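Q: This is the structure, below, for whatever I ask next.
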Amino acid sequence: MVDSSHPLDRLRQPEYTGENRCIPCTIVNVVIAAVLSAVIALLSPPAAPIVLAVSLAAIYFRGYLVPGTPTLTKRYFPDWLLAKFDKAPEPGGPAVETRETGTDGDAPTDEFEPVDPETYFLDHGVVTPCTTPDGEEDLCLDDGLRTAWRAAIEEMRDADRRSQVADFLETDSEVLSLDVSGGNVVARIDGQLAAQWESDAALVADLASSRVLEDRLPDWEARPLEQRSQLASGLRAFVERCPTCDGPISIDAETVESCCRSHEVYAITCDDCEVRVLEVQQ
């Protein structure tokens, strides 16, 4: 078989280019290349375009010009700036994208006000104070809700994901698409990003949560979709078995690396199927 790849492709560093390209790193290195070329122009004008071209080619194929830029960017750039360029979903964020327009398609909606799931669940009896086997104070699911949630999860495992997600997002299944990208389940409506979950296990848990919370909470339907999504995902913190493979789970603190930054997360992972159920940034 003939290798049809371009010889220059061998120069690429996939971990720093393409979808993994760090935009802040690229910007910094382009500025460095421009400054370097300007200095060269003072010494030897004909050489300046060559230096600029070689520098830009290095940035294009390798992701950076100055070695160590990705590490330095993560270390010295403010996290709020890196977050604006980060392509990875925010841990612990609402699964549903906040809507930008009202029901008439023109007027803005009220700004989404996040709700604290733990406080809300306590106020409505979804969780109650309890003592762990180790003697530590904690919060536990109400027994009735736990039983209902487990039954709903088992039902959702075999349910049609597309129709269930369409109901969850209050849209028609004909305009909804579900894809898996980097382990995340991504929902799009008419091609536009609408929601995302850490895994199919997280999606199953949220669909089941929405069903049991609707039956349990009197103001569920009155709350905006974004708040319902946040509450549904908040119930995942109390999961006891993997929602998809029904195996044991692990709860750990981990360092998650993305193209632009690293952060500590509280993570719930299915041991048997090795998928992430929940990530909450610490």
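Q: Is it true that some residue in region 175-197 is over 15 Å from the mean Cα position of the chain (by Cα) and touching a residue at least 24 places away in the same chain (Cβ under 8 Å)?
A: no
Q: With the checklist (1) in contact with a Leu (Cβ under 7 Å, 6 or more places away or on another chain); (2) exposed (fewer than 15 other Cβ atoms within 10 Å of the Cβ) in hand, flag the one item Glu136 doesn't pass.
A: Of (1) in contact with a Leu (Cβ under 7 Å, 6 or more places away or on another chain); (2) exposed (fewer than 15 other Cβ atoms within 10 Å of the Cβ), only one is false for Glu136: (1).
Q: Would you mind stating whether Leu139 is touching a residue at least 40 places away in the same chain (Cβ under 8 Å) and closer than 19 Å to Ser229 by Cβ?
A: On the way: touching a residue at least 40 places away in the same chain (Cβ under 8 Å): yes; closer than 19 Å to Ser229 by Cβ: no.
Spelling it out, it is not the case that Leu139 is touching a residue at least 40 places away in the same chain (Cβ under 8 Å) and closer than 19 Å to Ser229 by Cβ.
Q: What tally of residues in region 132-191 results from selecting those that are more than 19 Å from Ser209 (Cβ to Cβ) and touching a helix residue (DSSP H, G or I) at 6+ places or on another chain (Cβ under 7 Å)?
A: Total satisfying the criteria: 5.
Q: Among the residues of region 242-266, count how many are at pLDDT below 90 and surrounded by 21 or more Cβ atoms within 10 Å (Cβ to Cβ). First the steps, then the outcome.
A: Kept after step one, since they are at pLDDT below 90, are these residues of region 242-266: 251-266.
Restricting the remaining residues to those that are surrounded by 21 or more Cβ atoms within 10 Å (Cβ to Cβ) gives 259-261.
Counting residues in region 242-266 that are at pLDDT below 90 and surrounded by 21 or more Cβ atoms within 10 Å (Cβ to Cβ) gives 3.
Q: Being crowded, with 16+ Cβ neighbours inside 10 Å and out of contact with any helix residue (DSSP H, G or I) (no Cβ under 7 Å at 6 or more places or on another chain), is that true of even one residue in region 210-222?
A: yes
The values are calculated or read from the model by the stated rules, or taken from the named source; none is laboratory data. Note that this is a predicted model, so its numbers are computed, not measured. Methodologically, a virtual Cβ is constructed for each residue, glycine included, from the backbone with ideal geometry; neighbour enumeration extends over all protein chains shown.
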